[in-house]
1. Just wondering, is there one or more residues in the range 475-484 that are more than 30 Å from Asp103 (Cα to Cα) and of a type in the set (A, V, I, L, M)?
2. Within the range 63-70, identify whether any single residue is closer than 19 Å to Val824 by Cβ and crowded, with 23+ Cβ neighbours inside 10 Å, and answer yes or no.
3. Do you know which residues across the range 434-488 are of a type outside the set (A, V, I, L, M, F, W, C), under 30 Å from Ala803 (Cβ atoms) and not in a helix (DSSP H, G or I)?
4. Take residues that are of a type in the set (A, V, I, L, M) and more than 27 Å from Glu398 (Cα to Cα) and tell me which of the strands (runs of 3 or more DSSP E) falling wholly in the range 194-250 contain 3 or more.
5. Scan the range 278-298 and report the pairs whose first residue is closer than 15 Å to Gln224 by Cα and in a helix (DSSP H, G or I) and whose second residue is within 14 Å of the ligand (Cβ to nearest atom) and open to solvent by 60 Å² or more (accessible area, probe 1.4 Å), with Cβ atoms within less than 6 Å and a gap of 6+ or a chain change.
6. Filter the range 669-692 down to the residues that are in a loop (DSSP other than H, G, I, E, B) and open to solvent by 10 Å² or more (accessible area, probe 1.4 Å), then identify the one that is farthest from the ligand (Cβ to nearest atom).
7. Out of all the residues in the range 647-668, is one or more open to solvent by less than 10 Å² (accessible area, probe 1.4 Å), assigned by TED's automatic domain parsing to the domain that holds Thr599, without any contact (Cβ under 8 Å) to a residue 60 or more places away in the chain and part of a loop (DSSP other than H, G, I, E, B)?
8. Phe769 passes all but one of (1) on the phi > 0 side of the Ramachandran plot; (2) open to solvent by 50 Å² or more (accessible area, probe 1.4 Å); which number fails?
Amino acid sequence: LQYNSFEDPRCEGYLEDGRTGMSPSTLKRAFLNNLFYVQGKFKALATPNDYYMALAYAIRDRLLQRWINTAAIYTAQGSRTVAYFSAEFLMGPHLGNNLINLDIYKDVEKGIAEMGLNLGELLEQEEEPGLGNGGLGRLAACYLDSLATLEIPSLGYGIRYEFGIFDQEIEDGWQVEITDKWLRFGNPWEIARPEWAVEVKLGGHTDHYVDDHGRYRIRWVPDQQVTGIPYDTPILGCQTNTANTLRLWTAEAPESFNFNAFNSGDYLGAVYEKVVSENISKVLYPNDDSSQGKKLRLTQQYFFVSCSLQDMIRILVGQELPLEKFHEKFAVQLNDTHPAIAVAELMRLLIDMHHMSWDSAWSITQRTFAYTNHTLLPEALERWPVELFGSLLPRHLEIIYELNDRFLDEVRIKFPEDDSRLSRMSLIDESGERYVRMAHLACVGSHAINGVAALHTELLKQDVLYDFYQMYPGKFQNKTNGVTPRRFMVLSNPALTELVTSKIGDTWIKNLGELQKLEAWADNPEFQQQWRQIKQANKQELAAYIQKHNGIIVDPNSIFDILAKRFHEYKRQYLDLLHIVTLYNRIKANPDIEITPRTFIFGGKAAPGYFMAKLIIKLINSVADVINRDPDVRGRLKVVFLKNYNVKLAQRIYPAADLSEQISTAGKEASGTGNMKFALNGALTIGTLDGANVEIREEVGAENFFLFGLTAEQVYAKRASGYNPMEYYNSNAELRLALDRIASGFFSHGDTELFKPLVDSLLHHDQYFLLADYQSYIDCQEQVGLAYRDQDRWTHMSILNAARMGKFSSDRSIQDYCREIWKVEPVTITLENSEVTDS
Ligand code: GPV
């Protein structure tokens with residue numbers, strides 16, 4: 001073999017060989033080698049998936065040197081490390097992102113084209129790892145990208161679900177769930193590490209005994225044991241050599257478990273035990289912002305937390321550091337309460353397994369953990385019936401009781417004679433059936449507690465965690481969410497990336513604040529035109545996708561008005577529908593009315609057990625069927641439901657959006673992150689003063705943001721003074737017409753029962769204040785329509801929105817976490833043949 005050394009200045013020679021070289025010819029040869037030696041195919045028989053795999057392995061080879069060097073340097077230096085604990089990592093496809101972060105996307109695209117193939121088609125082959133539900137899981141993924149880009153030593157710890165979030169099909173307008181077999185064709189990005197397997201105990205009881213030295217000890221006698229096998233995926237930073245690790249755990253039956261059953265001839269019984277163990281990492285719970293309280297879910301949480309903490313102790317011991325330095329070596333972030341059991345598990349490991357004193361263990365535990373809260377919704381606050389909890393984790397329940405006794409003593413000292421405060425703050429809810437309160441455990445066991453947007457953090461302090469704020473004001477911080485511009489701009493919107501880079505250079509990619517320099521171009525006619533052309537081309541691509549998948553022809557000159565996120569009543573997809581039906585009613589009343597043409601695009605999944613959310617999906621599709629076919633509409637309105645909204649589809653949607661719908665009831669959306677991705681790609685937002693919308697509006701300027709609706713404070717006041725939605729129905733003719741139209745069976749072939757639950761819930765409860773916000777929303781949408789007619793004005797606003805998104809890079813969020821919570825510094829990774837790599 002001949003290698004093209006020194007061909008590319010990025011690869012200083014020593015790395016330029018057949019498995020690491022970045023030159024086009026080396027990459028091409030690696031690709032063809034993999035097709036032959038890995039896939040066992042030649043061109044005539046190769047499928048698109050074979051080509052994808054061949055390329056994926058070629059790129060993986062290029063990550064490995066970086067990955068190994070990163071691990072070697074962290075190990076040699078004993079670097080302080082962030083461990084991000086999350087039940088969800090919604091990574092999206094790896095290949096394209098790795099090409100971007102390696103900075104070889106264009107070279108590879110060209111090389112692939114020279115072989116008569118299309119890179120975009122190969123990228124489409126990748127099954128995305130959908131190991132998350134929505135915002136929370138995607139945030140974890142953005143944070144891993146930023147941690148690596150900022151060269152922060154870090155590990156993501158989670159679960160390698162065999163089935164990720166379900167695939168959504170639409171049948172007769174209804175959502176149907178299909179299992180997500182994402183591992184079907186193998187996963188080229190992960191490496192199993194069975195040599196680092198750990199054992200996890202479950203169930204049983206505890207034994208209190210006196211050991212040989214006369215010391216009082218407690219032993220957990222489990223009735224089940226499972227093995228956790230780690231699978232590692234490299235997480236490459238952008239234009240750095242840092243490749244951190246995402247370590248996901250798979251549950252297996254222990255090798256020796258039920259050896260007796262085999263020997264006694266109960267073969268099927270033994271296999272059954274194995275199946276039970278493997279169920280633990282089988283499937284992601286598909287609920288977003290709500291907790292079901294199922295035992296298997298608690299088992300999943302405990303399983304990955306225990307595996308991860310044991311793994312961290314192995315790493316610590318391997319670096320010859322004493323256990324007393326656990327909190328100096330590691331900063332653990334709890335992504336919501338899903339991993340909060342870690343507080344009790346670290347205590348157990350330190351006390352029972354490593355014989356540390358309670359006080360030392362507690363000091364280490366508190367200094368290790370920090371907790372991020374992601375919601376104010378009461379139904380999302382996790383609590384476990386004490387009985388269920390004790391049947392799975394008897395030792396942890398004891399530890400929590402002991403923690404609680406000591407904690408409540410502290411509360412008593414700070415707030416004497418205040419029994420109601422004690423019962424409000426207790427780790428155990430004793431108001432009825434007894435529950436373990438996971439948010440309280442997380443607050444007590446952490447040195448820092450943060451919300452995910454300024455408003456959210458304020459509401460946490462005033463409301464959901466008010467008592468904890470009074471108890472520990474110094475623990476509370478805000479960390480406004482962010483998104484990675486690599487995936488959500490450079491990869492997904494290459495044309496806009498190129499235009500921006502042609503004007504301000506490419507350093508904005510790692511320093512998003514520099515986008516501000518675009519402001520100078522906001523009124524430049526030539527730039528405006530280029531900006532518009534790119535948006536237009538992106539809209540045309542989405543239009544082609546819609547035609548292919550929905551058979552609907554949409555007008556790329558219409559406003560692409562998009563609402564894409566999980567379906568939940570508080571997110572108010574239904575309010576968007578009321579606007580659509582209102583416009584439709586106006587057209588029916590006056591077919592010649594002037595209306596700015598719009599394409600309403602929806603995407604999102606509903607939790608399989610969430611009846612109302614699924615009914616809203618059905619209503620969208622039913623309204624679409626009528627409006628898209630009605631000749632009176634003359635194509636001025638189109639309604640499209642894009643099925644199976646996921647990371648891949650999101651990457652197509654953001655670049656094509658004119659209008660971003662961020663219309664949650666104020667005080668309900670903790671932050672939102674889709675709002676940031678849309679604006680970064682030049683969409684204007686119509687939104688309430690909720691979550692990060694507040695800060696987005698502050699950044700882009702009120703004049704570049706379509707604001708409507710009640711404030712959080714007004715919502716609370718209205719609820720307190722007795723909200724009556726019927727008053728709005730009775731006094732607003734257009735609103736009444738819209739609701740009556742839905743109730744009348746007009747969109748349901750005359751069936752007046754089908755959507756009755758939706759109509760009734762608005763008229764009689766309207767928990768999320770849709771009717772209170774309706775007129776304000778309709779008026780604001782009127783302004784949107786007018787603004788869009790002035791294309792220069794709209795483009796000016798669009799440019800300013802993108803130019804002012806600097807704050808919302810996940811790089812900024814991560815820098816804030818590093819400085820203010822984790823106290824961790826970057827470590828530079830070199831590719832020199834250092835001692836560590838040679839040995
Ligand atoms: I808790 N979030 C989520 O996606 N799933 C959850 O189970 C919970 C919260 C979301 C919030 O709803 C968003 O407002 C927020 O932007 C996101 O978490 C990331 O912080």
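The values are calculated or read from the model by the stated rules, or taken from the named source; none is laboratory data. Remember, it's a predicted structure, so these values are computed and weren't measured experimentally. Positions of Cβ are generated from backbone atoms using ideal geometry, with glycine treated the same way; all protein chains shown enter the neighbour counts. Surface areas here come from the heavy atoms of the whole protein model, side chains and all, with no ligands, DNA or RNA. Shrake-Rupley method; radii C 1.70, N 1.55, O 1.52, S 1.80 Å.
1. Among the residues of the range 475-484, not one is more than 30 Å from Asp103 (Cα to Cα) and of a type in the set (A, V, I, L, M), which makes the answer no.
2. Checked the range 63-70: at least one residue is closer than 19 Å to Val824 by Cβ and crowded, with 23+ Cβ neighbours inside 10 Å.
3. Correct list: Asn450, Gly451, Gln477, Asn478, Lys479, Thr480, Asn481, Gly482, Thr484.
4. Once the strands (runs of 3 or more DSSP E) in the range 194-250 are filtered for at least 3 residues that are of a type in the set (A, V, I, L, M) and more than 27 Å from Glu398 (Cα to Cα), what remains is 224-236.
5. none
6. The initial filter retains those residues of the range 669-692 that are in a loop (DSSP other than H, G, I, E, B), namely 669-673, 681-683, 688-692.
Next, from what is left, pick out any that are open to solvent by 10 Å² or more (accessible area, probe 1.4 Å): 669, 672-673, 689.
Details: Glu669: 5, Gly672: 5, Thr673: 5, Leu689: 14 Å.
Residue satisfying both the conditions and the ranking: Leu689.
7. Scanning the range 647-668 turns up at least one residue that is open to solvent by less than 10 Å² (accessible area, probe 1.4 Å), assigned by TED's automatic domain parsing to the domain that holds Thr599, without any contact (Cβ under 8 Å) to a residue 60 or more places away in the chain and part of a loop (DSSP other than H, G, I, E, B).
8. Evaluating Phe769 over (1) on the phi > 0 side of the Ramachandran plot; (2) open to solvent by 50 Å² or more (accessible area, probe 1.4 Å) leaves (2) as the failure.
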